[in-house]
1. For region 629-650, what are the residues that are polar (S, T, N, Q) and not in a loop (DSSP other than H, G, I, E, B)?
2. Just a yes or no: is a residue in region 387-404 over 26 Å from H11 (Cα atoms), among the hydrophobic types (A, V, I, L, M, F, W, C), at pLDDT below 95 and open to solvent by 10 Å² or more (accessible area, probe 1.4 Å)?
3. Please state which one of G222, G267 is buried (at least 18 other Cβ atoms within 10 Å of the Cβ), touching a residue at least 12 places away in the same chain (Cβ under 8 Å), assigned to a strand (DSSP E or B) and out of contact with any Cys (no Cβ under 9 Å at 6 or more places or on another chain).
4. For R148, state whether it is surrounded by fewer than 16 Cβ atoms within 10 Å (Cβ to Cβ) and under 21 Å from C218 (Cβ atoms).
5. Is there a residue in region 54-76 that is more than 22 Å from A620 (Cα to Cα) and without any contact (Cβ under 8 Å) to a residue 12 or more places away in the chain?
6. Does at least one position in region 241-254 carry a residue that is of a type in the set (A, V, I, L, M, F, W, C), touching a residue at least 40 places away in the same chain (Cβ under 8 Å) and buried (at least 21 other Cβ atoms within 10 Å of the Cβ)?
7. Only residues that are open to solvent by 20 Å² or more (accessible area, probe 1.4 Å) and within 17 Å of I343 (Cα to Cα): list them for region 653-662, please.
8. Select from region 39-63 the residues that are touching a Ser or Thr at 6+ places or on another chain (Cβ under 8 Å) and open to solvent by less than 20 Å² (accessible area, probe 1.4 Å) and list them in ascending order.
Amino acid sequence: MVAHAEIRVVHRGGSKINFREPVITNDSRFLLCASGESVKVYSSSSEECVHDLQGHTDLVSGIVRNPSNHLQVYSCSADGTVRLWDFTDGILIKTFIIGYPIYSIYVSENHGGVVFVVVPMANDKSSELFQLVAVHLPRSGDQEVEARELSAVLCDVSPSGAVSFGREGEYIAAAKGLQLEVFFFKKQKSYRFFLKSGNKKGAKNAFTCVSCHPKEDCIATGHEDGKIRLWRNFNQKKEYTYSTLHWHHGAVNTLQFTPEGTNLLSGGIESVLVQWRYTQENQKDFLPRLGGAITHIAVSPDGSLFCTSHSDNKITIIQSCVKVSAIIQGLVKGEGVRTDLMIDPRSKALVLNGKPGHLQFYSLPRDKLLYNLDIVQQEYIHEEGLDQFEVVKAAFDTRGDWLATVEERTQKGSELEINLKLWAYNEQTQSFVLNTTVTAPHEDQITAMCFSPSPETTMLVTISFDGHFKAWLLADHSDTEEGASWSCDFVGGYHLLKPGCCCFSADGSLLAVGFQEVVTVWSPSWELLTTLSQPPGAIRDLCFGRLSCSKYLLGTSTKNQLCCWNLLTCSLEWSTPVDVSLLQADPLSENMAAFCSQSGCSDLFVFKPGESRPLYSQRALCTGKVQHAVFAPRDQMLESCEEHAQWLNRSQLYFLTQHMDLMTFSTKTEEDRLLASSKRLMVDDSVAVTPFYLLLGKHRQQQQQEALTNPMAERIQLPQGSIAIKELLYTPAHVLPSASFLCSMFVRSLLISSSAARSRNRKLCLMSSPI
């Protein structure tokens, strides 16, 4: 086992922003949401990410406002800590160490110095029983404080957050299964209310969410059958009552009262925000067609903004249930990824399935969706059981000039419909435009395709279960007015066997196609050069070595074998018995990553084909099989890495777990660089810190050094086109103070103090006097 203490598996880029309920600040300027191991701070008007609050070492599981300071928030995480942040400056103020994995967090203005968190009944992440405990936060000047004073409030609660504080924090309500429990703090007594599992009409009474009225003793609960119940008189066991509201045809996913309690908001699978009048329950307003199913609703403290989280990893900001004012879109993760994870050679964006019938281009460094490309170009109908076209394969050429996609649709009682589409990159629109559509390119399902990396020709190879592979060639019409066109240049096969995978060598001089148990190697002139056999089992994946290891061809089989062939000797170099679910090559180095399945978990091995010892390995990387991964080139190469981490210097490895979590690897060098960048605004305590100092300080230092070396140099003003002025003008407006606030400081920064002026004049007089 290779040591890996310096490498961590982290969520970074493409994380879920709909995991927990977002938080809107008191002034409605910012929206905060949990995103992997960090907290994102977005501008509610521009949709831009203002701050990325990093510090947690595990999944962030909740965010709440600090009741005693409207510029601060608490966040909790499965790493067992609660952290206090100043979200306006992006500063971590304090860390409270709880010592248990935390899954939700709640606060109340009437319970000062206390946060309520959901933790496992046993100190184990695998525990299925959870409890709500009150954590008393100690007052201390230290940045890290242990908070060990815990007191249990409710037992057997939901970890996902079906908890709400009642009027003035007098009680707290929690719903789980068929039980509603209300705990009164003064009485230190709880009441439990139960519903039957169903009735003859097929009702599903299980609780899904809960919200308490802020002014009156009323609890609203949502249920799986789409009903909303309003509970009253619940301060006694037998005389409680409830009324029922019903509009949703599916489960009610979330409920939220407005700050004054005049309206109740609800959302579900219908993608419609429903606003119920509290005193007039028959009157309701609708805001439809919001996208994916609504999972969470948040309301600003002044009631001016609503926001909804959606199942397609999106947050919609709404102005008082009237209109949508902003949309924050994360990486769309459906039920599964049919295409592989790809990197766009031009934008370096991650490309994979997005909305139905689309490919999404997602910037990993910026953690932002760039755009969606409509592949199917048909209206998607949201109806269960309806057969519609799906994007199942996609591939880029080496330069990013061409994109190939495969879409298919299977209808009951009819043949499989397949379309191969080739898209050309358009410089003007900065996107891909459909160039060629090939209907029924094969007689059966296309299993793989790849572009040739050769710079001489633009060629695409597709393989299918019909027993053939086809080469599609781009015709050269540069000397005519005709546009680019594609045609089938070659159709190949091998003894009527079905091909399962294909791969080009790094220079495009060889094509390897796996036909069940046989690997065939072809030349650019479509001559069969050699065949390679291996122990029983169909070839699952093929991958050529890179750079100094280009003489090797690696393959995995369904009989749990990883084989390496030497193409110079056409013989098996080595093989090892391991169940490799995915084999991925780094395009910028000789390194290869093999994800192996064992005992319900995935292991990772990073190695060079010509070396017997792996560069890095990690057991139990995640649960389930890893089916999709990609090496993404770094914008800036890492340096000074430990030996076992140098495989991450040029590229970063991303992979998708079976739960659709996008994970990557972080090194100590990289984390140190991020920490240093977060401290770049720190200056000497003796200097007055102003926004203009931060922008122009470094240029002032350069001028002072020049003045010392050349005393006769005249003081000149910064020209309009200087770097400092450009930094000021191009800084986003929402992160700058107001112009009136900056004006006086800017004028003062251009003035020279009288003492400094007199001193300078004396020096000039002495230098100009005759000797």
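1. The one that is polar (S, T, N, Q) and not in a loop (DSSP other than H, G, I, E, B): Q646.
2. The answer is yes; a qualifying residue exists.
3. Of the residues listed, the single one that is buried (at least 18 other Cβ atoms within 10 Å of the Cβ), touching a residue at least 12 places away in the same chain (Cβ under 8 Å), assigned to a strand (DSSP E or B) and out of contact with any Cys (no Cβ under 9 Å at 6 or more places or on another chain) is G267.
4. Spelling it out, it is not the case that R148 is surrounded by fewer than 16 Cβ atoms within 10 Å (Cβ to Cβ) and under 21 Å from C218 (Cβ atoms).
5. Checked against the condition, which is being more than 22 Å from A620 (Cα to Cα) and without any contact (Cβ under 8 Å) to a residue 12 or more places away in the chain, region 54-76 yields at least one hit.
6. yes
7. Listed by number, the list is empty, since nothing qualifies.
8. Of everything in region 39-63, those that are touching a Ser or Thr at 6+ places or on another chain (Cβ under 8 Å) and open to solvent by less than 20 Å² (accessible area, probe 1.4 Å) turn out to be V39, S44, L53, H56, V60, S61, G62, I63.
The values are calculated or read from the model by the stated rules, or taken from the named source; none is laboratory data. Everything numeric here is computed off the predicted structure, so don't read it as measured data. Neighbour counts run over all protein chains shown; Cβ positions are idealised from the backbone, glycine included. Ligands, DNA and RNA are stripped out before the accessible areas are found, and what is left, the full protein with its side chains, is counted by its heavy atoms. Shrake-Rupley method; radii C 1.70, N 1.55, O 1.52, S 1.80 Å.
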